[in-house]
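Beneath this line is the structure, given in C-alpha cells, with notes to follow.
The values are calculated or read from the model by the stated rules, or taken from the named source; none is laboratory data. Model, not experiment: these values are computed from the prediction. Quick reminder, even Gly has a Cβ in these numbers, built from the backbone with ideal geometry, and neighbours come from all protein chains shown. Note: areas computed on protein heavy atoms with side chains; ligands, DNA, RNA excluded. Shrake-Rupley method; radii C 1.70, N 1.55, O 1.52, S 1.80 Å.
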Amino acid sequence: MAERSTAAVDVADNSGDEPLTAKADQSTADGVAQNPERDTESDKAQGSGGIEGTEKASPPELHSGHKLARRYRLEECVTRLDGFSSWRAVDEKLRRAVGVHILPADHARARSVLAAARSSALLGDPRFVQVLDAVEENDLVYVVHEWLPDATELTALLAPGPLEVHDAYQMVSQIASAMAAAHREGLAHLRLNPNAVLRTSSGQWRIRGLAVNAALRGISSDTPQRTDTEAIGALLYAALTQRWPYESDAYGLSGLPKGVGLIAPDQVRAGVHRGLSELAMRALANDGATASRHEAACTTPEELVKAIGEMPRIRPPEPTFTAPPEYQRTTYQQGTYGRPAPHPGATRAVPTPPAPLQSRTGKALKWAVSALLIAALGLGSWQLADALMDQGNKSDDTKQTQTTDGNDKSGDKTKPVKTLAIQGAQEFVAKGDAQHPNDVDKTYDGNASTYWRTSSFIGGPVLAPYKPGVGIVYDLGSAQDVSTATIGLYYSGDHTTVKLYAADSLSPSSLDSMTQIGSVTTTGTSATVKVTKHVKSRYVLVWLTALPHAAGDQYSDAGYKQAITDVKFTG
C-alpha cells in the first residue's frame, strides 16, 4: 500500500565494450540479467576514454533477506561483477520496490560511486531513473534507486523489429533533450546503450544509470559530450534498422557486414525515414565516420537537440478504423417468423402496398377527420383558458388570506446559500510522509487546470491500514456552518472516497481530535459532500481514504492516486 516510485534496476553489462560495440547481457523487461555471475576481461569506455585500474576487492557477503539500514530488504541478486553487486530490494518503510548497488567501502571505486550517485540525485530530472539514497555504513557503500516494473528496455522493444518512425523520433528527441540537460549540469552517462533506455507504459522514455554506471566500472572519457552524442546516434540507428552500427553484434542486434564501414540506415533497410537516417549519421560522425549528405556532424547533445528541432515534425500515425460488417438480414422479420423458408431459387411475390385514399369516400373521410380535429382543438383551448382564469382568482384569494393572517408560518423564506471564502490551507499528515504540501493553494486558486496531487500507491483503492488517508485542512476565516463541499478531482475510476471533518486548528493533532461531518464515494471527476452533522467550525479537513487506479505520466508512476483541482464550500 506504500507510495509507488519504482524503476528497473540498472543491471551491469558484463561483456567487453568497444566504442559502443560491446555485447550486452540479455535482459528481461525490468532489467534483470539472465547471466549475472559472468566476469569481464576488459571494458573500454564509449568514445575516447578508458577504465581505471581495479583492485580485486571481494564482494560483500550478502544474501536475500539481508537488510540495509534496517529498511532496505534485499530480494534478488541480479548482477555480481568486479567487486560490486546489484539487487532488487524492497523499501520496507515506504513499501515500494527499489534497486540497490552495493560494494565494499574499501573498493577502489567506492568514493567515485558515492560522488556520482549524489551528483545524479541532485539533478532531479524525471527523465532519468532517480537515485533515492547514497550511503556508506558498516564497511559498505550502497546506492538506492528507483525500480520501474512497468517499463521496457529498448533491447526488448527492438527484438521483434525496428521501431515505428514516430516512436524512433520521440525516443531520440527525449533522450537527446535529457542528456543535454544533464551535460549542462556537468553530468555524463558514458554507458548509454539499449539496456539503459526504458519506455514506460505511458510512452515516456527514461534513462537509467546516469554517471553511476560509468563510476561502477571505472569508465572515464576525455570527450564525454561526444561519447554520449555518439551513443544516442547508435540508439537511433538501432531503432531504425534493428542493426548495431558497428561490425560486432551487441545487445541482441546483428552488426553491420564486415568491410563495408558505416553506411546510412536508409541504405541498410528499405523505407527508413530519410531525415532520421541523416540525423543518426550526423551523431555517429566519430572515429573516421563522416556525416551523411554533407551536413555538419553533431558532437554534443545540445547540437543534436538543435538538429532535431530543425527537422519537420514527425506526427503520429493516423488511427485505423475497421469497417463495420455488412448488415445481415435474418428470417425473423415481420410476416416471416414461423413460416417455412422458401425453396432456394424460388421467387417470392412482393405484396403491392395499398393505394392512398384517392376515392370519393377516402376524400370525405379525410375532411371529416380534419373537422373533428379542429373542433377538438378549439374546445380544448377554451377549457384551458377557463381553468387558468379560475386558478388566477384562487391565487388572488390565497394572497389576500396570507396577507391578513400574520400567524401563517408559510411566509418564512428559505435561507439563501452563500459560497464561503477560503483564507488558507495546509496539508494534514496523519501517518508517513507528506504528499505535495507546496501545492495546496492550487486547490482554491480558481484555476481548474492546476491541482494538488497525491503520490502513487501500490495497493488500493482503500489506503488503510498502511495509511489512514491524505488530505488538506482549509481555513474559512471564522466559524462557519458548512452545508456542502464541492471537490473537483483529476482522475476518475473505481473509486474515490472523500470525508469531511471539522477541525480545531489548521494543524490538528490527530484525526481522532476532529468530528466527521460528511462523506461520499464517487467514480467520477467531482465529489459533492453534503454535511450531515452541522457543526460550526473555522477549519474543515477534506480527507481522501480511497483512490482510483490511474496510468503513469511524466509526474508520477501508475498506481492508486488522485489529485484535487478545485474546492468550494457553501453554507
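Under 5 Å between amide hydrogens, built in the peptide plane, is the criterion, and for residue 518 it picks out 500, 532 among residues at least 5 positions away or on other chains. Here the Karplus curve 6.51 cos²θ - 1.76 cosθ + 1.60, taken at θ = phi - 60°, turns the phi angles of region 230-245 into couplings of 5, 5, 5, x, 5, 4, 5, 4, 5, 5, 7, 10, 6, 10, 8, x Hz, with x standing for Gly and Pro. For region 91-231, the convex hull spanned by the alpha carbon atoms encloses 117 Å³ per residue.
Computed from phi, the 3J(HN,Hα) profile of region 113-127 under the Karplus parametrisation 6.51, -1.76, 1.60 (θ = phi - 60°) reads 5, 4, 5, 5, 5, 5, 5, 5, 5, 5, 5, x, 8, x, 7 Hz, with x in place of Gly and Pro.
If the viscosity is 0.692 mPa s and the temperature 37 °C, what Stokes-Einstein diffusion coefficient in µm²/s follows for region 507-571 when Rh is the Kirkwood radius over Cα pairs?
Values: Rh = 14.3 Å.
After rounding, the answer is 229 µm²/s.
Take the Cα of residue 418, step 7 Å along the line toward its Cβ, and report every residue of region 517-542 whose backbone nitrogen sits under 17 Å from that point. Correct set: 536-539.
Close amide H contacts of residue 78 (hydrogens built in the peptide plane, cut-off under 5 Å, sequence separation of 5 or more or a different chain): 86, 87, 88.
Close amide H partners of residue 493, meaning residues 5 or more places away or on another chain with modelled amide H under 5 Å apart, are 524. Surface composition of region 79-157: carbon and sulfur atoms hold 47% of the protein heavy-atom accessible area at a 1.4 Å probe. 3J(HN,Hα) along region 436-441, derived from phi through the Karplus expression 6.51 cos²θ - 1.76 cosθ + 1.60 where θ = phi - 60°, amounts to 9, x, 6, 10, 5, 5 Hz, with x in place of Gly and Pro. Taking a sphere under 13 Å around the Cβ of residue 174 and counting the other residues whose Cβ falls inside, with K and R at +1 and D and E at -1, yields a net charge of +1. Seen through its C-alpha gyration tensor, with square-root eigenvalues sorted a ≥ b ≥ c, region 53-151 comes out oblate because a/c lies at 1.5 or above while a/b is not bigger than b/c. Using the Cβ-Cβ distance between residue 223 and residue 125 with R0 set to 22 Å, the FRET efficiency from 1/(1 + (r/R0)^6) comes to roughly 0.45.
Where does region 453-571 land on Rg/Rh, using Cα atoms and the Kirkwood Rh?
In region 453-571, Rg relative to Rh is 0.97.
When the C-alpha to C-alpha distance is required to be over 18 Å, the pairs from 431/568; 93/499; 467/561 that qualify are 431/568; 93/499.
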